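A short write-up of the structure that comes next.
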Amino acid sequence: MHIVVHKTKCQGHARCWAQAPNIFKLDDEGYVLPGDINVAQEDELLASRAVRSCPESALEIDRTSAARFEPADMQPSAGEA
Amino acid sequence: MALNQVPDHVPPEMVGDFSLFTSPGMLPTPDGDPQAATACVHAGPPIFYSPFNTRDGRGTWVITRATDQRRVLQDADTFSSHRSIFASALGENWPMIPLELDPPAHGVFRSLLNPLLSPKRVTALEPAVRERAIALIDSIAASGTSCDVMKDFALPFAVSIFLRLLGLPDHRLHTFVGWANDLLHGDDVKRPAAARTILAFIDELAAMRREEPVDDFMTFILQAQVEGRRLTDEEVRGIGVLVFVAGLDTVAAAIGFDLAFLARHPEEQELLRSEPNRIVLAAEELLRAYPTVQIIRVARKDIDFEGAPIRKGDYVSCATMIANRDPAEFECPETIDLMREDNRHAAFGYGPHRCLGSHLARREIVIGLEEWLARLPAFRIKEGTAPIAYGGHVFGIENLIVDWS
Ligand code: SF4
């Protein structure tokens, strides 16, 4: 799963971090770090919960096929090609 | 503008008769549930004009949908946060900082203060918070089988944490609570008097710390730099007053509402007592159900919003309790479900002004509930008593006598 981080919308509620501190990292002021996030399969439930708890809708699960076939994901071991 | 007058540009059919100050359930009511009483607006339009909806009797537009509130609060270009709410009690005009500054100036001060109350920083404060909760609850448990949650726990707990943050001694606690009470809930004589007292206190504290710096909040503010310069006296004041006012009342009110709910729901109480790891999630639902503030913005320009002609200077109200009961945002919003997972509640607002103290507030609530449930047996509202709850600018609960005999 791939999560799009709309950094400019983030207002530092830290709800994502509270749900999944290993997936969502915060800066020193408490705002989510920029850059989209690839989530391992076993963390998907946790991550989607975190996305749904962001009051600003700053996080978005990218369900387009492009996201699923990003170069980073297309390792032989991904088993998806 | 005369008091309660509906401005000419407001179409008469857009005037609604709901107000957080004057509607049924908003005045102090025994066993009242003011948050629930706000939910009636969802049967109506997404926006209406309420003629009596501020402390000084001004009207506001009221935004009833969570998604529209998000739109308003995220759009600081259109909706200003500068109201001089504290200074106006003194007939003056200066902002509490950062709350009443708009971007980009807001961001400068927000960046300065954010690290002081960041999730990381709050984690470091946690042991002191827990220690304080334990000390208060243990002394309550030792002294009998009944107490007033507000007076004996919620207020001294919240206020002492915040005094410690500011670097102030605990023994002035009752004095400060008295000032805050007069400021937030006093009449036309008490309010300005309290505002003047608080201002003098903040100025005096600043003078003391300037003379003799220590490791505390005020010293940090005095030594800080923004945009390559020191803060002005007015900026120091604006920050000091905000931190003082914001820290005193809101967390205590939240804890009061939460424990009142648990006192009335023994099954939920038992659930959290036997499975304390559920408290973190439950606290979010309690924040959704019992938020305490109405957020008001001032239109900076004319704008049509969902069919309403908002004109420059109009007040626009985003009441967190209204957003949090919006059926379009929350399934069965009237049901308080401590296991609710999808919970993008508005208790701390939305947008750049999101409550700076939210991380600390949240931890105080969770720790307060954890220690209370761990140290006291099943409790209920004491027979023959009824907690008095009220609406207004900050919702609150006056007394909460509980009993575990
Ligand atoms: S929950 Fe949303 S607003 Fe809060 S830190 Fe995460 S991304 Fe930012």
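The values are calculated or read from the model by the stated rules, or taken from the named source; none is laboratory data. Since the structure is predicted, the reported quantities are computational estimates derived from the model, not experimental observations. All Cβ positions, even for glycine, are placed from backbone atoms using ideal geometry, and neighbour counts span all protein chains on display. In case anyone asks, the SASA skips ligands and DNA or RNA and just uses the protein heavy atoms, side chains included. Shrake-Rupley method; radii C 1.70, N 1.55, O 1.52, S 1.80 Å.
Please list the three semi-axes, largest first and in whole Å, of the ellipsoid equivalent to segment B:10-402, using sqrt of 5 times the eigenvalues of its alpha carbon gyration tensor.
Each semi-axis is √(5λ); the values are 30, 29, 19 Å.
Quote the accessible area belonging to A:E29 in square angstrom, nearest 10, computed with a 1.4 Å probe and with ligands, DNA and RNA left uncounted.
Surface accessible to solvent at A:E29 totals approximately 50 Å².
Counting pairs of alpha carbon atoms under 8 Å apart in space and at least six apart in sequence, what relative contact order in percent does segment B:279-368 give?
Answer for segment B:279-368 is 35 percent.
Distance check, please: which entries in A:K9/B:K120; A:K9/B:K312; B:K120/B:K301; A:K7/B:K120; B:K190/B:K301; B:K151/B:K190 exceed 31 angstrom between their Cα atoms?
In this structure, B:K120/B:K301; B:K190/B:K301 exceed 31 Å between Cα atoms.
Tell me, what is the 1.4 Å probe accessible area of A:K25, in Å² to the nearest 10?
Accessible area of A:K25: about 100 Å².
Which one of B:V226, B:V366, B:V394 has the biggest mean-square fluctuation once chain B is modelled by GNM with Cα springs under 10 Å?
Its mean-square fluctuation being the largest, the pick is B:V226.
Give the residues of segment A:23-52 whose amide nitrogen is closer than 12 Å to a point set 7 Å from the Cα of B:E275 in the direction of its Cβ.
Output list for this probe position: empty.
From the convex hull of the Cα coordinates of segment B:39-147, what is the mean projected area in square nanometres?
With the hull built on Cα positions only, its mean projection is 12.0 nm².
Note down the accessible area of A:K9, probe 1.4 Å, to the nearest 10 Å².
90 Å²
Which residues does a label at B:S146 reach in segment B:377-405, if reach means a backbone N under 12 Å from a point 7 Å past the Cα toward the Cβ?
Answer for this model: B:380-386, B:401-405.
According to a simple spin-label model (label point 7 Å from Cα along Cα-to-Cβ), what is the distance in nm between A:T8 and A:K25?
The answer from the label model is 2.4 nm.
Pull up the DSSP beta bridges for segment B:10-402 and report the antiparallel fraction as a percent, rounded to 5.
Numbers: 24 of 27 bridges.
If we restrict to bridges inside segment B:10-402, about 90 percent are antiparallel.
At q = 0.07 Å⁻¹, what is the log10 ratio I(q)/I(0) for the protein assembly as shown, with the Debye formula run over Cα points and no solvent?
Result of the Debye calculation: -0.38.
Return the FRET efficiency for the residue pair B:T385, B:K120: r is the Cβ-Cβ distance, R0 is 56 Å, and the value is rounded to the nearest 0.05.
In this case the efficiency is close to 0.85.
Under a GNM of chain B (C-alpha, springs under 10 Å), which listed residue has the highest mean-square fluctuation: B:M96, B:M26, B:M208?
Between B:M96, B:M26, B:M208, it is B:M208 that shows the largest mean-square fluctuation.
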